[in-house]
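A.B. asks: One structure coming up, written as structure tokens, with questions to follow.
The values are calculated or read from the model by the stated rules, or taken from the named source; none is laboratory data. In this text the structure is predicted, and so the values were computed from the model without any measurement. Cβ placement follows ideal geometry from the backbone for every residue including glycine, while neighbour counts extend to all protein chains displayed. Remember, those area values only see protein heavy atoms, side chains included, never the ligands or the DNA or RNA. Shrake-Rupley method; radii C 1.70, N 1.55, O 1.52, S 1.80 Å.
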Amino acid sequence: MTEGLDLGLELNTSKCELFAFGGSHQDRVAIEQEVNVVCPGILLPSRSELSLLGAPSMEEGLEAVRAKTGPMKVVSKRLCLMHAHQALFLLKNCLCLPKLLYILRCSPVWKFAEVLKEFDEVIR
């Protein structure tokens, strides 16, 4: 940390996150306490909050996928009222589908068939 200050660099700890994998619960707590001493203000996300570019990294975070399929149910009902080409364009480019597809590609959602089935039914 001090070497960076000598070069004129400063770490914004409020934008940093730390997640300790492995070890016992006591080991992870000890690591988090040591890091808080060196880097006060660092964020410590839980397993369900851990994500990379909005995609959940752990199975516990898959509730985010279900949260995104909820609004899609409302949208899909309304898209049926439009012409097919216009509805497809909006669904493909504008509505939350691109981000949802990204989350489906990057998260371990393949382990949960019921989540995928629910999403599939909404899109149809």
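A.B. asks: Can you send over the solvent-accessible area of Ser24, 1.4 Å probe, protein chains only, in Å² to the nearest 10?
C.D. replies: Spelled out: Ser24, probe radius 1.4 Å, area about 50 Å².
A.B. asks: Next question. Across the stretch 19-28, in residue order, what do the Karplus-derived ³J(HN,Hα) couplings come to in whole Hz, using 6.51 cos²θ - 1.76 cosθ + 1.60 with θ = phi - 60° and x for Gly and Pro?
C.D. replies: With coefficients 6.51, -1.76 and 1.60, one gets 9, 8, 8, x, x, 7, 4, 5, 4, 5 Hz.
A.B. asks: Let me ask another. Between 0 and 90 degrees, rounded to the nearest ten: what's the tilt of helix 97-106 against the longest Cα principal axis of the chain?
C.D. replies: Here the helix axis deviates by roughly 50 degrees.
A.B. asks: Right, here's the next one. What accessible surface, in Å², does a 1.4 Å probe find on Leu101, ignoring ligands, DNA and RNA and rounding to the nearest 10?
C.D. replies: Approximately 60 Å² of Leu101 is accessible to the 1.4 Å probe.
A.B. asks: Between Val75 and Leu104, what length in nm is gained on full extension when 0.36 nm per residue of separation is reduced by their alpha carbon distance?
C.D. replies: Separation in residues times 0.36 nm, less the Cα-Cα distance, equals 8.6 nm.
A.B. asks: Right, something else. For the stretch 48-124, what is the accessible area per residue in Å² when the probe is 1.4 Å? Don't jump to the answer; show the numbers that get you there.
C.D. replies: On the way: 5250 Å² over 77 residues.
In whole numbers, the stretch 48-124 has 68 Å² accessible per residue.
A.B. asks: Once you put a point 7 Å from the Cα of Arg66 and another 7 Å from the Cα of Glu3, both along the Cβ direction, what distance in nm separates them?
C.D. replies: 4.6
A.B. asks: Carbon and sulfur together cover what percent of the accessible area of the chain at a 1.4 Å probe radius? Working shown, then result.
C.D. replies: Working: 5330 of 9010 Å².
About 59 percent, which is the carbon plus sulfur part of the accessible surface.
A.B. asks: Hey, another quick one. Please list Lys117, Lys77 from largest to smallest accessible area, probe radius 1.4 Å, with all protein chains kept in place. Intermediate results must be reported in sequence, preceding the final value.
C.D. replies: Details: Lys117 130, Lys77 150 Å².
I get Lys77, Lys117, largest accessible area first.
A.B. asks: How far, in degrees from 0 to 90, does helix 113-123 lean away from the longest principal axis of the Cα atoms of the chain, to the nearest 10?
C.D. replies: Taking the Cα atoms of the chain, the angle to 113-123 is about 50 degrees.
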